[in-house]
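The structure under discussion appears below in the form of structure tokens.
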Amino acid sequence: MNTDRLLSNTIKALSESATIKMAQMARDLKAEGHDVISLSLGEPDFDTPIHIKEAAKEALDNGYTKYTPVPGLVEFREAIRDKFKRDNNLDYGLDQIVVSNGAKQSIANVCMVLLNPGDEVLILGPYWVSYAEIVKMTGAKPIVLSAGIDQEYKVSADQLKNAITDKTRLVMFSSPCNPTGSVYNSDELQAMANIIDKHPDTMIMSDEIYEYINFKDKHVSIGSIDSVKDQTITINGMSKGFAMTGWRLGYMGAPRWVAQACTKLQGQFTSGATAFGQMAAAHALNSSLQHTYEMVDAYKQRRELVTSMLREIPGMKVNNPDGAFYVFPDISSFFGKSDGSNTINNADDFCEILLQKAHVAVVTGKAFGADNCFRLSYAASEDQLRAAITRIQKCLREFS
Ligand code: PMP
Ligand code: GLU
């Protein structure tokens, strides 16, 4: 049977998620008995705080085992509404909030309801691996605006101004950013808003899932800028700030017409997210963020460790991430170098060699639209990080 012929063009055009692929390759090598350190997946190594788990158990005992309204339980949407107001100065009503099975689904919902074939989407690069692929699934055209390490991986207002056209339906970005850890500050967001507000048919998707993991400033939401409030969709979720990746809970705050369209779409795809999980997440948002801040303190210490050890490697240009839990070094100076049997021609080779020779899994920058870089997730213990970077240092010493 020619199964390839039977698969849809949509799935054939889709690339596999590089983060998930690399994490699986690391697991496979581990299963073969190799001592692999995986710094590939962006996933907190902490467990979900106990009080959140307790809230889920209580919700189960109280009968939260049924379908929920498609956009989410009122209890959870109320908590999200209050959180948006408290943390982000955003005024979303309950009918402007949609809960999904992870922020990934929220992003897919937004793209599916806003984009038609031929539409253009500006993606501020380096960008999270799934953005471009989700856009492509709709038939729209992702246009990546690139920013290198010399501009702290942040796209300038001029770049945005030169790229935006009447065909631009959506501008997508994350801040704090996956994969770079860069944070757009309030002046930079204001400059962006001043451009986009001249294009009323252009929407903004602001992915704020790393909001709490910000080492420098208080987080600013672009949706709190009045002139673009009605053009902005704010994405967030429980995965990163509360170490709840496996619970699959994301959400958006959006103009009413977008929220309604996403609810309609989700009603045909997956319905509402898990009932008892939503109750636990409501409890998490309504409680003290003490555990979150403890995790953030740990990430901050790890950032110091990781960046200082990586900087000891001659030729590696290391950024100073202000948020999230990634570092995104530029490794272009290694291209062309060889250890006698392997040559590093690009970031893919670099990551492949680190995996095979040093047994350290990281992700190629190519997956994030940055061919000169690789991403290392420091959501791992200090011991693991120290061991992994010592291995990287040793491995790269052999290349000249
Ligand atoms: N956006 C960004 C920038 C991410 O790093 C992730 C992590 N997977 C997501 C969205 C999706 O998160 P989740 O689906 O786990 O809520
Ligand atoms: N966001 C994480 C990452 O970038 C999780 C993996 C994924 O969902 O792609 O590694």
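The values are calculated or read from the model by the stated rules, or taken from the named source; none is laboratory data. Predicted model, so just to flag it, every value in this text is computed and none were measured. Heads up, the Cβs are rebuilt from the backbone with ideal geometry, glycines too, and the neighbour counts pull from every protein chain shown. The protein model used for the area step is the full one, side chains on, heavy atoms only, and it has no ligands, DNA or RNA in it. Shrake-Rupley method; radii C 1.70, N 1.55, O 1.52, S 1.80 Å.
Filter region 89-108 down to the residues that are within 16 Å of ligand 2 (Cβ to nearest atom) and open to solvent by less than 20 Å² (accessible area, probe 1.4 Å) and list them by number.
Within region 89-108, Ser100, Gly102, Ala103, Ser106, Ile107 meet the criteria.
Considering only residues that are within 20 Å of the chain's Cα centre (by Cα) and part of a loop (DSSP other than H, G, I, E, B), which ones fall in region 91-128?
Once the filter is applied, which keeps residues that are within 20 Å of the chain's Cα centre (by Cα) and part of a loop (DSSP other than H, G, I, E, B), region 91-128 yields Asn101, Gly102, Gly125, Pro126, Tyr127, Trp128.
Pairs under 6 Å by beta carbon, first residue farther than 20 Å from Pro117 by Cβ in region 157-183, partner surrounded by fewer than 22 Cβ atoms within 10 Å (Cβ to Cβ) and among the charged types (D, E, K, R), six or more apart or different chains?
Ser182/Glu152; Ser182/Lys154; Val183/Asp322
Pick from Val135, Val70: which is more than 16 Å from ligand 1 (Cβ to nearest atom) and at pLDDT 95 or above?
After applying the criteria, what remains is Val70.
Within region 8-23, can you find the residues that are in a helix (DSSP H, G or I) and either under 30 Å from Ala379 (Cα atoms) or within 12 Å of ligand 1 (Cβ to nearest atom) (or both)?
Ala18, Thr19, Ile20, Lys21, Met22, Ala23, listed by residue number.
I'm checking my understanding of the structure. Among residues of region 212-240 that are buried (at least 23 other Cβ atoms within 10 Å of the Cβ) and within 16 Å of ligand 2 (Cβ to nearest atom), which one is farthest from Phe173 (Cα to Cα)?
Met238
Tyr293 is checked against (1) of a type outside the set (A, V, I, L, M, F, W, C); (2) under 21 Å from Asp95 (Cα atoms); (3) open to solvent by 40 Å² or more (accessible area, probe 1.4 Å) and fails just one. What number does that condition carry?
Condition (2) is where Tyr293 drops out.
Taking the conditions exactly as written (within 16 Å of ligand 2 (Cβ to nearest atom) and hydroxyl-bearing (Ser, Thr, Tyr)), does Thr19 satisfy them or not?
Yes: the conditions hold for Thr19.
Checking the condition open to solvent by 40 Å² or more (accessible area, probe 1.4 Å), among the acidic types (Asp, Glu) and either touching an Asp or Glu at 6+ places or on another chain (Cβ under 8 Å) or not in a helix (DSSP H, G or I) (or both), which residue from Asp371, Asp383, Asp349 passes?
Matching residue, one of Asp371, Asp383, Asp349: Asp371.
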